[in-house]
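Remarks on the structure that follows.
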Amino acid sequence: MVNNLWTKRGFIVSAIVAGLLLVSVACGGTAAEPVVVEKEVIKEVLKEVVVEKEVIKEVPKEVVVIQEVVKEVEVIKEVIKYKEVAVPAPQAVSPAEVPKPNYGGILALAQTSDPPTFDPHATSFSLLTNHVHLTHNRVIRFKSLAWPENAQYGDLTFFPDLAESWEIDDSGTVFTFKLREGVRWHNQEPINGRELTSEDVKLSWKRMNEDSSRFSGFYDGLVSIETPDKYTVVQTIDRPLASWLYRVADGEAAWITNQDFVDSKGADFGVAQDSLVGTGPFLYGKEEPGSRYTYLRNPDYFEQPYPYLDEIQWYVIPDRSARDAAFVSRQIHYYQPTKAQDFERIQKALPDVSKRQTTGLANTTSALMFNMELPKWQDVKVRQAVKYAVNNDRVIQDLYNGQGKYNGCIPTALRGFSLEQDELRELYQYDPEKSKALLAEAGFAPGEFKFEIMTFTGYNQDNQDIAVMRQADLRAAGFDVTLNPVPVGEGRATVIQGNFDTVQQPHSTGVEPDEMLGGFVPGGPRNFMKVDDPKVTQWMAQQEVEFDREVRGAILQEFSRYCADQVLGMIPNPARAQEQLWQSWVRNAVIPDIASDEPDEKYIWFDR
């Protein structure tokens, strides 16, 4: 549990020891079935007036004292009605009844391909971050969904990791992080388990910001990094940024590597699993490319008593039916079927299996993306014709079993920043006749406009299935569309190089909209589509320095409308709710928070 406190000196965060949660679900009990309810709640609305005086602005968990022209906050209340999924609260139990976590056991998981690299700063693919979050840490991270922290899905609450506290000065440009003492690197040459220092953190942050890093554009604005003592790191940025702490905590980019170790590996760093040497809860073990990667419990991990497991094994199982069979035979402990009938069939075969779900949507946007540098995609009417040809309702009903929502260029999961469903349905409506008319206006007869959709094999089955559905929709509207399935590593490199026509793949993920909008500006690490639009660049600059959530949300919503109208580089896939199956003896497993990639496996234990 973290107490966030704004003082006149700055933002200070310190860890408070969490009390024991006497909740049967958190300790492995069975949750009650969720039911949809409608009730009245009190919603606080902020009314803003510009004044010039010293004020105190109170918001959840913060008290800010400033002296400048500010927005004064008046809190009013209104009664609204909404539908939510209510889960009856579990019964509290006495300490004697709380199951005590067991040490030991091997957790077996499966992914579709080998990691494309083992350099934590070379890719954002979950094929790699599945592994990196076991072996590495960040300076700060997001509060985990896993017990004992119990965050909400997509919760943007910062939590200590390698830093035990941090402070922001009055200018909002100087960030001081106090590192934990006694954190040790994994016991590998040449670092041999030595203590983490502020210099290590400085060099790692510098590496993240190098041109060779996949995330260099993500840290634009970093002016300097200072290390006044062994346990203090000070970052200075060139202007106040609403998203800077998010960037420091990012679950794809911000992993702390050891530069001495990186240098010792030379050109071999990132080539094999033995590059994953960090400070995390697990140590790299045996590497079997194309088959399995093993990780071993780190007995010197700084956050005791974790982890509980002896080992984690990541199997490589490209075929969906083979992953299905591996779960049914109990070879692996976790599986996420893509179709409702698969859930039903597996639950019938394994009556004791645990089904876990959340009504929260993934913060990842996947999309059909256009290479905007190609002349064929310069005509907005052609792009609009593609947009009106695709049927998002069919994806939600046939692929998601009705458990999904429309997405925009800012994901629906980012409430307050995204557009509402009614507006998104209008912006991305299915209208094949309008598609045909636009294509004719652009000068193309039926079957004359040809293009290719690249898909990635061995990665993200939903995107492969959606590409097939898109192809059928587009052909019916008069496009000549072919699919080009390629291995994920080859395909991702091809996209980054700009050698593609269109591609069906993930675009962005995160709990902070700055990353999503950054995927539409020149130089942005996720601007696969090569979008270069002055309006979007201006919106990016406006929102990243806007600390008022409502004003920032309005900027982002304006961008989303423009992005949909102009079909600016992509057509977003609908978002699906999260459902998964776990073997019955696995405790403290949660829906993986793909938004921030927390090391939830360290909390898992086996009740058998």
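Is there a residue being of a type in the set (D, E, K, R) and modelled with pLDDT of 90 or more anywhere in segment 240-258? Walk me through how you get there before you give the answer.
The first filter runs over segment 240-258 and keeps only residues of a type in the set (D, E, K, R), leaving 247, 250, 252.
Right, trim to modelled with pLDDT of 90 or more and you get none.
Within segment 240-258 (the criterion being of a type in the set (D, E, K, R) and modelled with pLDDT of 90 or more), the answer is no, since none of the residues qualifies.
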Q) Right, Glu189: closer than 21 Å to Tyr301 by Cβ and either β-branched (Val, Ile, Thr) or modelled with pLDDT of 95 or more (or both) or not? A) yes
Q: Kindly provide the set of residues from segment 283-307 that are of a type in the set (S, T, N, Q) and at pLDDT below 95, ordered by number.
A: Gln304
Q. If you scan segment 442-474, which residues turn out to be free of Cβ contacts under 8 Å to residues at least 24 places away in the same chain and within 15 Å of Ser366 (Cα to Cα)?
A. Val468
Q | Within segment 407-455, tally of residues that are in a loop (DSSP other than H, G, I, E, B) and of a type in the set (S, T, N, Q) | A | 4
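Being within 24 Å of the chain's Cα centre (by Cα) and either modelled with pLDDT under 90 or charged (D, E, K, R) (or both) narrows it down to one residue among Val531, Val521, Val503, Val511; which is it?
On the way: Val531 fails: either modelled with pLDDT under 90 or charged (D, E, K, R) (or both); Val521 fails: either modelled with pLDDT under 90 or charged (D, E, K, R) (or both); Val503 fails: either modelled with pLDDT under 90 or charged (D, E, K, R) (or both).
So the residue among Val531, Val521, Val503, Val511 that is within 24 Å of the chain's Cα centre (by Cα) and either modelled with pLDDT under 90 or charged (D, E, K, R) (or both) is Val511.
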Q.
Residues that are assigned to a helix (DSSP H, G or I) and at pLDDT 95 or above: does segment 361-369 have at least one?
A. no
Q: Read through the list (1) more than 25 Å from Ser204 (Cα to Cα); (2) in contact with a helix residue (DSSP H, G or I) (Cβ under 8 Å, 6 or more places away or on another chain), then give the number of the only condition that Ser321 fails.
A: (2)
Q. Scanning segment 219-258 for residues that are buried (at least 21 other Cβ atoms within 10 Å of the Cβ) and of a type in the set (D, E, K, R), which turns out farthest from Pro190 (Cα to Cα)?
A. Arg247
Q: Return only the number of the condition from (1) part of a loop (DSSP other than H, G, I, E, B); (2) free of Cβ contacts under 8 Å to residues at least 40 places away in the same chain; (3) not aromatic (Phe, Trp, Tyr) that Glu226 does not satisfy.
A: (1)
Q. If a residue has to be modelled with pLDDT of 95 or more, surrounded by fewer than 19 Cβ atoms within 10 Å (Cβ to Cβ) and either among the hydroxyl-bearing types (Ser, Thr, Tyr) or assigned to a strand (DSSP E or B) (or both) to count, how many in segment 314-328 make the cut?
A. 2
Q) If Thr294 passes every condition in (1) under 21 Å from Arg214 (Cβ atoms); (2) buried (at least 16 other Cβ atoms within 10 Å of the Cβ) but one, which one does it miss? A) (1)
Q. Within segment 437-493, can you find the residues that are polar (S, T, N, Q) and over 25 Å from the mean Cα position of the chain (by Cα)?
A. Gln471, Thr482, Asn484
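The values are calculated or read from the model by the stated rules, or taken from the named source; none is laboratory data. Quick caveat: nothing in here was measured; it's all calculated off a predicted structure. Positions of Cβ are backbone-derived with ideal geometry, glycine not excepted, and every protein chain shown enters the neighbour counts.
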